[in-house]
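Participant: The structure under discussion is supplied below as structure tokens; questions concerning it will follow.
The values are calculated or read from the model by the stated rules, or taken from the named source; none is laboratory data. What you see is a predicted model; the values in this text were computed from it and never measured. Because the Cβ atoms are built from the backbone with ideal geometry, glycine has one as well, and the counts that use them run over all protein chains shown.
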Amino acid sequence: MEKATNDKEPFRFYTRLSLSELTGLQASTLQQLAKITKDMPDSCIYNHTHRFLKQHQRLSPKSPSDFSYWVGSILGEKELGDRLASIKIMEFGSVDSLRRKIVATISQYLREKPLSRLRYSGDSEAFYFIKSISFIFPTNYIAHDLKEFVEALKSVAVDSVYFHIFDARLRLDRNANDFSNWIRNSVADEKLADDISKLDPYTYTLEELRAMIIQLAETRLKE
Amino acid sequence: MAKIDEYTGIVGQPVLDDLRLISQKLHGKVIQNINSTSVGGGVAEILTRMVPLLKELGVDARWDVIKGGKQFFEVTKKFHNALHGKREDIDKHDYEIFMETSRSNIDELDTYGDIVFVHDPQPIVLINKKRDNKWIWRCHIDISTPNQKVWKFLKDFVVRYDASVFSAPSFSQKLSVRQFHISPSIDPLSDKNKELSQNIVDSVLVKYGVPKDKPIITQISRFDALKDPIGVIRAYRKVKKDVDCRLVLAGGTAEDDPEGAEVLARVRDMASGDKDIHILLLPQNDIEVNALQRASTIIMQKSIKEGFGLTVAEALWKSKPVVASNVGGIPLQIKHEYSGLLCNSIDSAAFALGKLLNDPQYARRLGENGKEHIKNNFLITRHLRDYMLLFLSLYHKEDMVYL
């Protein structure tokens, strides 16, 4: 695949569509959750920490990951649920480091509160490990300047926003989101690139995020 | 039938653009769907909508139906119940009937597809015809706690497919083939879900003699023990002591469901003497189903087992408050106390009904949240996307696929 963004080149919007692949593995206790999470592929960890973003496009995300939701709401370990929900995904540069943090958080809690080992979910409410298979397509939307970028951003599917913000940074190891990279390198607007980089995408819904980026870019266009 | 562009007003142009992007990657592939009936039941309903839309997107999708006599469908109904975990007496003779009809279908049905997409257990043995093409087994049944003997028998066929598909993560099994999770969907433009005028809704109530004088609780389902129509009547009777209401039990029977008449007789017997219970047989009249759902105050789906429970999505799409069992694919559609109320017993169903009847504002809020959730996750456009990605996945083993 060609790079989604090249220096001094137009911005080609890509989109990312995903399919859920079941692993056949499930956890009913915290010990099982930690043990299986340790060995799951990145695509599985990524799915369980990002799935809510796609499912609730217009609702404020209250449970940022399946891990925190299951531990807090199904097993009833609210404190651990909160600790897992408090992990700031933005601070992690790779899925593997995020995985290690999740496992360490659960393990630490098990040491602190040994009685939590007795918590058990029924089969119907077990934690089912699911991988996210990503399909990445180039779209027909191309921007040659910031004005065209804003117009395209208003029209692309929300999956495209998702790909350039979330996948680019964490899963494809590009360090920053694609929008900031292109604006910095091709539009030569350091301030706008930084403003977009500073947004914590995990605290917005996808539609809110799209609106925020459009607003920032339109403000720069008016200046 | 709706054209693909007509969905733009509901899901937006970008979603349709994505569908066209994916479909281009399937150019030249023939997708052959195979199931056991062309009418009745959720599978036929979905294929009736999906196949023409896939074709319109440029995917060469086709649909064939296996043949089977009364005995064959009696056996497959037993398989169906056993996979749901219900106790069934299945003997050697039943397996022989199943295999004999399967052999006839193997002889008669041409499996010409580049991808052969087999739905449910009835046509499963066709895998014996596999050559160098790709085969997928799509399980629409809740097999989270299957009868092990029946599952073991079927599993020997499943593992020879290239991939399997389940409607909910809890249905997955330990298998040596890839397993995907794809939820079914509803079509917002079908007769069953499109907007209707109040005149049409009222005329259907008049036709079936259902007055609008009190709140209407409705369950729309085949007359099948696993849909628990008797439990619905019991829950209704409990709540009726506090809030006067009517109950509508409406549904039909499918060609491959010989048990239906027996369950219907039991339901009629239990409802006799109560003029506020309306038992309606609606063979394949989707407009009437739509009208009844829209006329209802609350929709119920009190299934004991459920493959997915499309009637829940249908009701939520119409912004109706729903009381439904916490089984199968239903919890994927309803987040308890946010987009509906989940129940685990007749008592909890009755309690939920009372709560909604006594607090219409709360009921309305649940319905509105439910509609938004269905729009994002359970419409046919999402289903088309997942199926096309599934077909593509057969040619790619990696977790990140660049196209």
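Participant: Looking at (1) modelled with pLDDT of 95 or more; (2) under 13 Å from the mean Cα position of the chain (by Cα); (3) not aromatic (F, W, Y), find the lone condition where A:L110 falls short.
Facilitator: Here A:L110 clears every test but (2).
Participant: What helices (runs of 4 or more DSSP H) completely inside the range B:1-113 contain at least 1 residues that are crowded, with 17+ Cβ neighbours inside 10 Å and of a type in the set (K, R)?
Facilitator: Details: elements: B:8-11, B:13-24, B:41-56, B:70-83, B:92-108.
Fully inside the range B:1-113 and qualifying: B:41-56, B:70-83.
Participant: Something else: Which one is nearest to A:T37 (Cα to Cα), of the residues in the range A:103-142 that are of a type outside the set (S, T, Y) and part of a loop (DSSP other than H, G, I, E, B)?
Facilitator: That would be A:A126.
Participant: Let me ask something additional. Out of all the residues in the range A:147-154, is one or more farther than 30 Å from B:D17 by Cα, acidic (D, E), out of contact with any Leu (no Cβ under 8 Å at 6 or more places or on another chain) and within 14 Å of chain B (Cβ to nearest Cβ)?
Facilitator: no
Participant: Kindly evaluate B:Q284 against the criterion of being buried (at least 23 other Cβ atoms within 10 Å of the Cβ), touching a residue at least 40 places away in the same chain (Cβ under 8 Å) and of a type outside the set (S, T, Y).
Facilitator: no
Participant: Here is a further query. For residues that are under 30 Å from A:L170 (Cβ atoms) and more than 10 Å from chain A (Cβ to nearest Cβ), tally how many sit in the range B:352-381.
Facilitator: Result for the range B:352-381: 4.
Participant: Name the residues in the range A:82-124 that are crowded, with 17+ Cβ neighbours inside 10 Å and within 14 Å of chain B (Cβ to nearest Cβ), would you?
Facilitator: A:V95, A:S121
Participant: Which residues, counting only those in the range B:151-189, are more than 13 Å from chain A (Cβ to nearest Cβ), of a type in the set (K, R) and not in a loop (DSSP other than H, G, I, E, B)?
Facilitator: The answer is B:K152, and nothing else.
Participant: Consider only pairs whose beta carbons are under 9 Å apart and that are at least six residues apart or on different chains; among these, list those whose first residue lies in the range B:44-67 and is outside the structural domain of B:V30 (by TED's automatic domain parsing) and whose second residue is surrounded by fewer than 20 Cβ atoms within 10 Å (Cβ to Cβ) and among the acidic types (D, E).
Facilitator: Cβ pairs passing all conditions: none.
Participant: Among the helices (runs of 4 or more DSSP H) lying completely within the range A:143-193, list those that include at least 2 residues that are farther than 22 Å from A:E91 by Cα.
Facilitator: The qualifying helices (runs of 4 or more DSSP H) are A:146-155, A:158-162.
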